[in-house]
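The values are calculated or read from the model by the stated rules, or taken from the named source; none is laboratory data. Bear in mind the structure is a predicted one, so any value in this text is a computation, not a measurement. Here the Cβ is made from the backbone with ideal geometry for all residues, glycine too, and neighbour counts use every protein chain on show. When the accessible area is computed, the model is the full protein with side chains, heavy atoms only, and any ligands, DNA or RNA have been set aside. Shrake-Rupley method; radii C 1.70, N 1.55, O 1.52, S 1.80 Å.
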2 protein chains.
Amino acid sequence: MIRETVSGGRRGRIDLPHQSVETPVFMPVGTAGTVKAVEQGVLESLDAQIILGNTYHLYLRPGADLIRELGGLHRFMNWDGPILTDSGGYQVFSLGAMRKLSEEGVHFQSHLDGSFHLLTPENVIQIQEALGSDIAMVLDECIPHDANRDYVRDSTERTIRWAERCLKARNRGDQLMFGIIQGGMHKDLREQCAREMNHMPFDGFAVGGLGVGEGEELLHAIAASTVGLLPKDRPRYLMGVGRPEDIVSAVGAGFDLFDCVLPTRNARNGTLFTSAGKVSIKRAEFANDPRPLDESCDCYCCRNFSRAYLRHLYMAGEILSSQLNSLHNLYFYHRLMERCREAIRQGRTAFWSRESTATFSQTV
Amino acid sequence: MIRETVSGGRRGRIDLPHQSVETPVFMPVGTAGTVKAVEQGVLESLDAQIILGNTYHLYLRPGADLIRELGGLHRFMNWDGPILTDSGGYQVFSLGAMRKLSEEGVHFQSHLDGSFHLLTPENVIQIQEALGSDIAMVLDECIPHDANRDYVRDSTERTIRWAERCLKARNRGDQLMFGIIQGGMHKDLREQCAREMNHMPFDGFAVGGLGVGEGEELLHAIAASTVGLLPKDRPRYLMGVGRPEDIVSAVGAGFDLFDCVLPTRNARNGTLFTSAGKVSIKRAEFANDPRPLDESCDCYCCRNFSRAYLRHLYMAGEILSSQLNSLHNLYFYHRLMERCREAIRQGRTAFWSRESTATFSQTV
C-alpha cells in the first residue's frame, strides 16, 4: 500500500471494493447521501476519490433498511466511487438530545423528531453493512477536550471494549473496518489505547477526538504522537480535522485520510479558500471586480465566473452561490492533496514545514 | 423567419445578436442573473436556447450600471446564448410597494430595502441597453383582470403612449425591441391596442396581462383572438403563460415565445412534470421506489436517480433536490417545445387539440 515516504509523510494506495484511492486523500462529507450543493457528476469531475457518509443522518432518514432494500448507499445516491461511513457516534454527541451512555451503547433522541434510539457497537456495524460502505468505522465516544482524566480513562477503555464488539459483529467480507484511537489530550492514554487496538485485526486506524476545541498546538502534538504508535502498513485517518494547514501538517506527520465539513460549509457561508488565504465573498470591493476569485486556480468556477458575479449570487441568496462556492472549495482541497502527493513523490522534505505554516487560513 | 405553419401553429427562426433561436421556444426565467439552481453549463446541456432576465431584479441588485461596467449581462453571468429582458413593469406591480402611476412612469419602493425608484419608458430602455440583452421589452402596465373597462381603456392608451416613448429612447442598434399588447379582457380594446402598435417599428410583439387570474377559458380566448391581430412576419410572445397545456394551446394559436417561473418554482417545491401528469415527489409511496421519476424521460435526473432518492433529498431539504428537480422540469419543457416544432414540421394538425387537452397538469 505505501509507495513512498518522505520525512514522515507517506504516499500510498488503498484498494477498496469500489476502486482504489491514492493517499493522502481528502473525503468530502456527504452527510445525508449528498455532498451539499455538489451533484455527483460534479464531484466526479473534481476528482473526488472517496466521500464520507454520515451513519447517524442516514440511519434516521431515510433509514438503513430502506437504503439496503434499494441496493445500498452507492446505488441509492448513484455514486460508484468508494464511501467511508462514520459510526454515528460523533453526531449523537453533537446533535442528539438526552444522551445516556452505558456499557451497552448510547441512548439518544433524534434531532429530527425526538424519537428514541439506541446505538450499540453491534448495530452501528449492522447499519453500516446495510449501507454497504467501503469502509466502516467502529462506535466510539468522542470525548470533550476538557474532560477530566478519570472520565477520559474510563471512556477510552469502553471505546476499546466497543471496538472488540464491533469486530465480532462483522458479517460482510467486502467492507473494511477501521478502529478509532481515543485517549483525550493525554499521551499515555492515547498510547495505551493504540497499543490495545493495534492487536486487533482492523484494516486501518483512525485518530478521533481531535479538532474539538483543544487548540492548534495540542491538536498537532497529540496527532503527531499518536500517529507514530500506529502500524505503518495500514491506513491512518485523522477524523474531522479540517483546516488546510492542519491537513498539510498531519500529512507530514504520516496521516493518509482526512474529512471535514469546512470546505462545503464555508462555501455556503461565502468563505472561500484561495492561494492567498481565506476570502469572504461578501466584501464590498468585489462588487465590480471582474477577476476570477483566485487567478491561480483553474477550477470551473474560477475559469467561468467573476468575483462580482459570485458576490452578487451570495448577496441575492441564490442557490447557484452554494453550488459554485462548494465546487471551488472542494477543488482547492483536492488540489492541495494532489500537491501533497506530488511533494512526497518528488521527495521534497521542505514541503510540510513550509505549507503547514502557510497562510491558508489567513483572511485576506 | 417563418418556416412552416400548420393550422395556426408556426415554426420559425429568430436571428438574434447572440445566436439564432428556433421557435416555438420556451425561455427559462433567470430572475437575478441565474436560473435558480441551474448552473449555466447545465442550462446549455438542456438545450435552453434563450433565457429571460428580470430587469426589475437586476436594476435593484446588483444594478444596471454595474452590469454594463462588467461587460453586460451575458458576460456577467457567463451565458453566451440570447437573453430577453422584461421591462420591470410586471415586478413593480407584483412586488414593489407604494406604487404610484402617472403619465411620466411608475414610482415604487424596492421590495429589498424600501428605497424609492422611478421607472419610465425611457429609463427601462436605458437599463435594458445597459444590460445588453438581445431583446428588450417596452414598459407597460399589467392590468388586473378584474379592472373596470374605463381603467383598462385609460391604462391601455397610456401603454401605447409609453411604447412610442420607448422606441424614441432607443440607442442601440444591436438589440431587438418588442411592443406589448394590453387591453385587459376586452377584445375591442385588445384590437385597438394591436392596431396602433402594429404601425410602430417593433421587431416583435408580446401579449401581456394574461395568466393573471382570469381563468383558463378567458385566457385562451383572449390569447387566440389577440394573436390573430399581430403581423405574421414578426415573432409573437405570450408573456408569463405557463402551464404545459396552455403553452401547447398557444403554440397552436400562433405564438412563438413563452416564459414562466412554473417549471423552476414547482421544482423547488417538489412538484415535477412527467409524461403522466404532475407529481409531488413528497408522496410516501415513493420512499422505496427505485424507478426513475418518469420512465419515458431521458433527462440526466431520470437517467441517474430514483424516485426514492429524489424524495429523500426533498424531505431532507437538500440543495441537490432543487438542482435535480429544476433540471428535470426544464428538460420536460424544452422537450415539449421540441415536440411542438416537430409536429409543425410534420404537418400534424391533430397535435394541438390532442396535446392541449392532455393531462400535463393533472396530479397523478
Of everything in the range B:20-29, what is surrounded by fewer than 22 Cβ atoms within 10 Å (Cβ to Cβ) and within 14 Å of another protein chain (Cβ to nearest Cβ)? Give them in sequence order. B:29
Return yes or no: is residue B:327 touching a residue at least 24 places away in the same chain (Cβ under 8 Å) and under 27 Å from residue B:40 (Cα atoms)? yes
For the range A:170-189, the count of residues that are buried (at least 19 other Cβ atoms within 10 Å of the Cβ) and outside any loop (DSSP other than H, G, I, E, B) equals 7
Got a number for residues in the range A:131-169 being acidic (Asp, Glu) and outside any helix (DSSP H, G or I)? 4
Is there a residue being in contact (Cβ under 8 Å) with a residue 40 or more places away in the chain, assigned to a helix (DSSP H, G or I) and in contact with a helix residue (DSSP H, G or I) (Cβ under 8 Å, 6 or more places away or on another chain) anywhere in the range A:190-207? no
Name the residues in the range B:190-225 that are open to solvent by less than 10 Å² (accessible area, probe 1.4 Å), in contact with a Pro (Cβ under 8 Å, 6 or more places away or on another chain) and under 15 Å from residue B:159 (Cα atoms), would you? B:205
Determine which member of the set B:267, B:343, B:350 is of a type outside the set (D, E, K, R) and within 14 Å of chain A (Cβ to nearest Cβ). B:267
Checking the condition surrounded by 20 or more Cβ atoms within 10 Å (Cβ to Cβ), at pLDDT below 95 and in contact with a strand residue (DSSP E or B) (Cβ under 9 Å, 6 or more places away or on another chain), which residue from A:110, A:87 passes? A:87
Identify the single condition in (1) over 26 Å from residue A:204 (Cα atoms); (2) open to solvent by 10 Å² or more (accessible area, probe 1.4 Å); (3) in contact (Cβ under 8 Å) with a residue 40 or more places away in the chain that residue A:277 does not satisfy, given that it satisfies every other one. (2)
For residue A:348, are the conditions met, namely being over 15 Å from residue B:37 (Cβ atoms), open to solvent by 40 Å² or more (accessible area, probe 1.4 Å) and part of a helix (DSSP H, G or I)? no
When you look at residue A:132, is it of a type outside the set (Ser, Thr, Tyr) and on the phi > 0 side of the Ramachandran plot, yes or no? yes
Residue list for the range B:43-65, filter: open to solvent by 30 Å² or more (accessible area, probe 1.4 Å) and within 11 Å of chain A (Cβ to nearest Cβ): B:45, B:57, B:60, B:61, B:62, B:65
Among the residues of the range B:226-266, the number that are buried (at least 19 other Cβ atoms within 10 Å of the Cβ), out of contact with any Phe, Trp or Tyr (no Cβ under 9 Å at 6 or more places or on another chain) and under 26 Å from residue B:36 (Cα atoms) is 1
Which numbered condition residue B:336 misses (of (1) of a type in the set (A, V, I, L, M); (2) touching a helix residue (DSSP H, G or I) at 6+ places or on another chain (Cβ under 8 Å); (3) more than 18 Å from residue B:242 (Cα to Cα)): (3)
Kindly indicate the residue of the range B:280-322 that is open to solvent by 50 Å² or more (accessible area, probe 1.4 Å) and among the hydrophobic types (A, V, I, L, M, F, W, C) and also farthest from the other protein chains (Cβ to nearest Cβ) among those meeting that condition. B:284
Taking residue A:104, is it without any contact (Cβ under 8 Å) to a residue 40 or more places away in the chain and either more than 26 Å from residue A:181 (Cα to Cα) or of a type outside the set (Phe, Trp, Tyr) (or both)? yes
Would you say residue B:101 is out of contact with any His (no Cβ under 6 Å at 6 or more places or on another chain) and either of a type in the set (Lys, Arg) or surrounded by fewer than 20 Cβ atoms within 10 Å (Cβ to Cβ) (or both)? yes
Kindly evaluate residue B:346 against the criterion of being touching a Lys or Arg at 6+ places or on another chain (Cβ under 7 Å), closer than 26 Å to residue B:255 by Cβ and at pLDDT below 95. no
Could you tell me whether residue B:39 is among the charged types (D, E, K, R), open to solvent by less than 40 Å² (accessible area, probe 1.4 Å) and within 11 Å of chain A (Cβ to nearest Cβ)? yes
So residue A:32 clears everything in (1) within 14 Å of chain B (Cβ to nearest Cβ); (2) touching a Phe, Trp or Tyr at 6+ places or on another chain (Cβ under 8 Å) except one condition, right? Which one? (2)
Matching residues in the range B:134-149 - criterion: being small (Gly, Ala, Ser) and buried (at least 18 other Cβ atoms within 10 Å of the Cβ): B:136
